[in-house]
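These notes are about the structure you will find just below.
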Amino acid sequence: MHLAANSWTDARDADTDLAILPVGSTEQHGPHAPLGVDFMTAEAIAAQAAQSYDDEVVVAPSVPVGIAEEHRAFDGTLWVTEDSFRDYVGDVLRSLAHSGFDRVVVVNGHGGNTDALAEICMRVSRDGDCYAVPFTWFDVVDSELPLGHGGPVETSVMLAIAPQLIQQDRYPEAAEGAGDSFGEFVAGANLAYDFDEFSGSGNLQDPTPASVSEGERLLEAAAESCVELLEAVAERER
Ligand SMILES: [Zn+2]
C-alpha cells in the first residue's frame, strides 16, 4: 500500500507494522541521465519489493533530496546538510511509527546518504521510537558492469524503469569527460572534495554498456534482497 495513493482510513486499517521508506537524491548523473536517478531507482525497488512481499507492507513517499553537495558544480543538483538530513529522515521515521508502522526498511539510492542513514536508523532504534534498517541497493547486487556514477549499472536500471529519461545519443559526451574513481587518492587520502575535481561530465565510467536486460536483472535482484530484509525486519524481536 502506497501511503500517498491511499486515504487515512486505509492507513488506519492497514494490517501491518512494516513500512518501506525510499530515500534518494536530486543530483547530476552525467549529461545523459536525469537528476532524479537516485530516488527513482529507490522508488522502483521499493515498489517491486512491496509487490513481491507476501504480506502487507506500507510504502512511504520518497525523500528526494539528500546529501549531495559534492555535486554542486553541476547545475540542478540539490542538497541538504547532514544535520538536516538526519533530522528530517528521523522525523519521517518517527511519524511512520506514530501511525503504527514502526518497523521500517529504508531503501537508499545514493551513496552520499549512507553514513547519515546508518546513524539515524541506529538512533531511532536505540531510542525505541522505531526499528529502522538502511538498505543501499547497489551495495547488495552484483553486476559484471562497473557501478561508477551515472555509469552502466544506474543507467541500466533507468533503462528498465524509465527509458524515455535516458538520452542515449549523449553517451559519447558522458564517456569523454568521465572519471574512473570516486576521488583523487594519494597515500590512501582523498585530495578531492567535489566531484568536478575528478570528472568533467559528471560521470564515473562510460554508460554505453548499459542495457534494459541488465537493468531488469538488477532491479529483480535488488527487490529480492529487499524482500529478504523485509522478512527479517518483520520477524525481529523488539
Ligand atoms: Zn546515483
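Results for (1) open to solvent by 40 Å² or more (accessible area, probe 1.4 Å); (2) within 25 Å of E224 (Cβ to Cβ), shown as yes or no for each residue.
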| site | (1), (2) |
| --- | --- |
| S84 | yes, no |
| G100 | no, no |
| R103 | no, yes |
| V107 | no, yes |
| G128 | yes, no |
| Q167 | yes, no |
| A174 | no, no |
Legend entry - Restricting region 131-161 to residues that are assigned to a loop (DSSP other than H, G, I, E, B) and more than 25 Å from G177 (Cβ to Cβ), the residue that is farthest from the ligand (Cβ to nearest atom): D142
Inset, instruction - Test each condition in (1) of a type outside the set (D, E); (2) within 16 Å of the ligand (Cβ to nearest atom); (3) surrounded by fewer than 19 Cβ atoms within 10 Å (Cβ to Cβ) for Y88 and report the one that comes out false. - result: (2)
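Residues checked against (1) closer than 21 Å to L165 by Cα; (2) in contact with a strand residue (DSSP E or B) (Cβ under 9 Å, 6 or more places away or on another chain); (3) within 16 Å of the ligand (Cβ to nearest atom); (4) in contact (Cβ under 8 Å) with a residue 24 or more places away in the chain:
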position: A4; (1), (2), (3), (4): no, yes, no, yes
position: T26; (1), (2), (3), (4): yes, no, yes, yes
position: G36; (1), (2), (3), (4): yes, no, yes, yes
position: A118; (1), (2), (3), (4): no, yes, no, no
Inset, instruction - Look at region 38-82 and say how many of its residues are within 17 Å of L165 (Cβ to Cβ), in a helix (DSSP H, G or I) and touching an Asp or Glu at 6+ places or on another chain (Cβ under 8 Å). - result: 2
Legend entry - Of the criteria (1) at pLDDT 95 or above; (2) open to solvent by 10 Å² or more (accessible area, probe 1.4 Å), which one E184 fails: (1)
Inset, instruction - Scan region 91-116 for residues that are away from the ligand (no atom under 16 Å from the Cβ) and among the polar types (S, T, N, Q) and jot them down. - result: S95, S99
Legend entry - Residue match in region 188-200 (condition: touching a Phe, Trp or Tyr at 6+ places or on another chain (Cβ under 9 Å), in contact (Cβ under 8 Å) with a residue 40 or more places away in the chain, more than 16 Å from A44 (Cβ to Cβ) and open to solvent by 10 Å² or more (accessible area, probe 1.4 Å)): yes
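Okay, residues lined up against (1) surrounded by 24 or more Cβ atoms within 10 Å (Cβ to Cβ); (2) within 13 Å of the ligand (Cβ to nearest atom):
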| site | (1), (2) |
| --- | --- |
| G30 | yes, yes |
| T41 | yes, yes |
| A50 | no, no |
| P64 | no, yes |
Inset, instruction - From E237, E228, grab the single residue that is more than 19 Å from the chain's Cα centre (by Cα) and among the acidic types (D, E). - result: E237
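The values are calculated or read from the model by the stated rules, or taken from the named source; none is laboratory data. Worth saying up front: this structure is predicted, and the values here are computed from it rather than measured. We place every Cβ from the backbone using ideal geometry, glycine too, and count neighbours over all the protein chains shown. Protein only, heavy atoms only, side chains kept; ligands, DNA and RNA dropped before computing areas. Shrake-Rupley method; radii C 1.70, N 1.55, O 1.52, S 1.80 Å.
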